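Undergrad: So that we are looking at the same thing, I have put the structure below in structure tokens.
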Amino acid sequence: MNEDGRDTGAGGASGDTTHFGYREVPEGEKAGLVHGVFSSVAARYDLMNDLMSGGVHRLWKAAMIDWLAPRPGMRLLDVAGGTGDISFRFLDRLKGEGHATVCDMTEAMLAEGRTRAEKAGREGLDWVCGDAMKLPFEDRSFDAVTIAFGIRNVTRIADALAEMYRVLRPGGRFLCLEFSRVTVPAAEWLYDRYSFNVIPRMGEAVTGDRDSYQYLVESIRRFPDQESFAQMIRQAGFRRVDYRNLSLGVAALHSGWRI
Ligand SMILES: C[S@@+](CC[C@H](N)C(=O)[O-])C[C@H]1O[C@@H](n2cnc3c(N)ncnc32)[C@H](O)[C@@H]1O
């Protein structure tokens, strides 16, 4: 943990326990707890994203695709891709001239995404159930790897970064969208009040599951800040690592290349 209580993201640094929101749990239990969260909220996950963020998550995801600048023929792996938002945007930008693989460990999230894709008649997509820390793909098999609001939930972040590096081809691009550290103190004060007082209640009203949204706001506070996370990305082997703050640092986009 660093000086202000945020985790360094090393996962196993505290022995055989790790954090699940503000709770300390045995490392082997975290994935099951995270799976429980997303199984519980899957059916209302997309609606809650719009309500909680006032639709701003759409702008952040658009910024991710802008920075990725997809090229025709690109093969994308979207890790922790959930209901498919990033992959849909990627394919829309390429007008179908690309391929996206959504990999997620929660079947219920993938099922929601598959239903959305079928309704929209989308093509060029695979849905794969798998763990970010042990990706079920060959070395160097994708041109780009993205992860949006996923890495914060992973038990051993360093292992997931190493896996995303492994499956990326040399010259390929890694992009991560995640909640981060608000850079303006007055905004942080307001954001904290909104997060802890409104979001869990909204989660309860919309999904019937307050605890999962309490976990969300706590897990955001446990995630490393922009610089610490950039350093972890470098440690995984990525080069030309850079980041951009979104909405005063409520979220951040991190970018790296496999050279
Ligand atoms: C907040 S959702 C993000 C979904 C989607 N990327 C988006 O931006 O809307 C987090 C997702 O991470 C997935 N996840 C968490 N830990 C994972 C892991 N170790 N491996 C694969 N997926 C994981 C969850 O199942 C969930 O679908």
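Undergrad: How much net charge surrounds GLY96 when only other residues with a Cβ under 9 Å from its Cβ are counted (Lys, Arg +1; Asp, Glu -1)?
TA: Around GLY96, the charge tally is -1.
Undergrad: Keeping the other protein chains in place, figure out the carbon and sulfur percent of the accessible area of segment 17-257, with a 1.4 Å probe.
TA: The nonpolar share, carbon plus sulfur, comes to 52 percent.
Undergrad: Another question, then. Using a 10 angstrom Cβ neighbour count of at most 15 plus a DSSP loop assignment to flag exposed GluC sites (Glu not before Pro), which longest range of the chain is free of such sites?
TA: The longest uninterrupted stretch comes out as 139-259.
Undergrad: Could you work out how much longer the chain between VAL56 and ASP126 gets when fully extended? Use 0.36 nm per residue separation minus the Cα distance between them, nm to one decimal.
TA: 22.5 nm
Undergrad: Sort 205-217, 78-90 for me by packing, meaning the mean count of neighbouring Cβ atoms within 10 Å per residue, highest on top.
TA: Order by mean packing, descending: 78-90, 205-217.
Undergrad: Do you know the Lys pair count in the chain for C-alpha distances under 22 Å, with sequence separation 8 or more or different chains?
TA: Close lysine pairs under the 22 Å cut-off: 4.
Undergrad: Can you find, among THR207, LEU76, GLY21, the residue sitting farthest towards the positive end of the charge dipole of segment 17-257, where Lys and Arg contribute +1 and Asp and Glu -1 at Cβ?
TA: LEU76
Undergrad: Report the extension gain between ASP225 and ASP211 in nm, rounded to one decimal, defined as 0.36 nm multiplied by the number of residues separating them, less their alpha carbon distance.
TA: Length difference between fully extended and current span is 2.6 nm.
Undergrad: Oh, and also: Where nothing but the Cβ of Lys and Arg (+1) and of Asp and Glu (-1) is charged, how large is the charge dipole of the chain around its Cα centre, in debye to the nearest 20?
TA: In total the dipole reaches around 760 debye.
Undergrad: Moving on to the next point. Based on alpha-carbon positions alone, could you give the equivalent ellipsoid semi-axes of the chain from the gyration tensor, as √(5λ), descending, whole Å?
TA: 26, 22, 18
Undergrad: Please compute the contact order of the chain in relative form: average sequence separation of alpha-carbon pairs under 8 Å and at least six residues apart, divided by the residue count, as a percent.
TA: 21 percent
The values are calculated or read from the model by the stated rules, or taken from the named source; none is laboratory data. In this text the structure is predicted, and so the values were computed from the model without any measurement. Here Cβ is always computed from backbone atoms with ideal geometry, including for glycine, and neighbour counts include all displayed protein chains. Areas reflect the complete protein model, heavy atoms only, side chains present, ligands, DNA and RNA absent. Shrake-Rupley method; radii C 1.70, N 1.55, O 1.52, S 1.80 Å.
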